[in-house]
Amino acid sequence: MSRVVQDAASLARPGQRWFWLGSALFTALVVFVGFSPTFYLRSLFGTPQLSTLKLVHGVVFSAWVMLFVVQTWLVATDRRDAHRLLGAFGASLLVAMCVVGYRMAIESGRSGFTPDPAKVSALSFMAVPLFDLGVFALLALAALLLRARSDWHKRLMLVATLSLLPPAIARVALQFPPLPVLPIAFGGTALLIVAAIGLDRLMLNRLHPATLWGGLFVILSLPGRLLIASTQAWQDLATWLIS
């Protein structure tokens, strides 16, 4: 049996279809738990009023996670026409996320935000959300360009959405000081991606290059952004960006 036929057969297995929906729902759960105190359930936690930019940022990024869940559900239930129609909205949403995410990262740098002031300065920490955004955008764009190849498309979309999880995982760690926020955020994200690669390997009986290389791209970028953030070149660039 050719690899193309094997992939087509694998798509027809109900268990594999529901795996993608389960992955999307788990991702949404992590985001909800992480941002409940500061966004979703902020009234219950007594969170101060959020700025307009923070509200828009939360709505736009939440819309992506919700869209990811809906899209995987549409595929799992064989409603592919609706899935394709929503794809155009996803492309527009990706652009909005890049614009709003960039603005949010710059504003956080200007306000001096950092989850660990003793170890990471605000200018250095700016590299984290900006690189998060860049890695996500590259993977999501690749997934959109490869939408005609469903095996690549869905795997790149999963890895792209998983790459957005460091902020959510970090918010969980912040609730339990003095846990090391960045190591937990990066380590948790890397662990989830490794799990996705492993489960995909079990389903296909081989490593799919989209999951493998997309996942490795995210994992290797996690420590890489901190290394870049520690350089004088980044400090100069960050200073210029917030000026």
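Laboratory data are not the source of any read-out in this text; all were calculated from the coordinates shown. Given the structure is predicted, the values throughout are model-derived calculations rather than measurements. As a convention, Cβ positions derive from the backbone with ideal geometry for all residues, glycine included, and neighbour counts pool all protein chains shown.
Helices in the chain, meaning DSSP H runs of at least 4 residues, each add -39500 (n - 2.57). Divided by all residues, the mean residue ellipticity at 222 nm is -26500 deg cm²/dmol.
Could you tell me which helices of the chain pass both thresholds, a Cα extent of 20 Å or more along their own axis and a mean Kyte-Doolittle hydropathy of at least 0.0, with helices taken as whole DSSP H runs?
Helices passing the filter in the chain: 14-35, 52-76, 80-111, 127-145, 181-204, 209-229.
Each label was represented as a point 7 Å from its Cα along the Cα-to-Cβ direction; for L44 and L179 these points are 1.8 nm apart. Once the Cβ-Cβ distance of N205 and W18 is raised to the sixth power relative to R0 = 25 Å, the FRET efficiency obtained is 0.85. Have a look at P48, P209, P37 and tell me which one the Gaussian network model of the chain (Cα, springs below 10 Å) gives the largest fluctuation. Ranking P48, P209, P37 by mean-square fluctuation puts P48 first.
Per-residue extension of 0.36 nm, minus the Cα-Cα distance of L237 and S150, leaves a gain of 27.5 nm for this segment.
Projecting label points 7 angstrom from Cα along Cα→Cβ for T52 and K119 puts them 3.7 nm apart.
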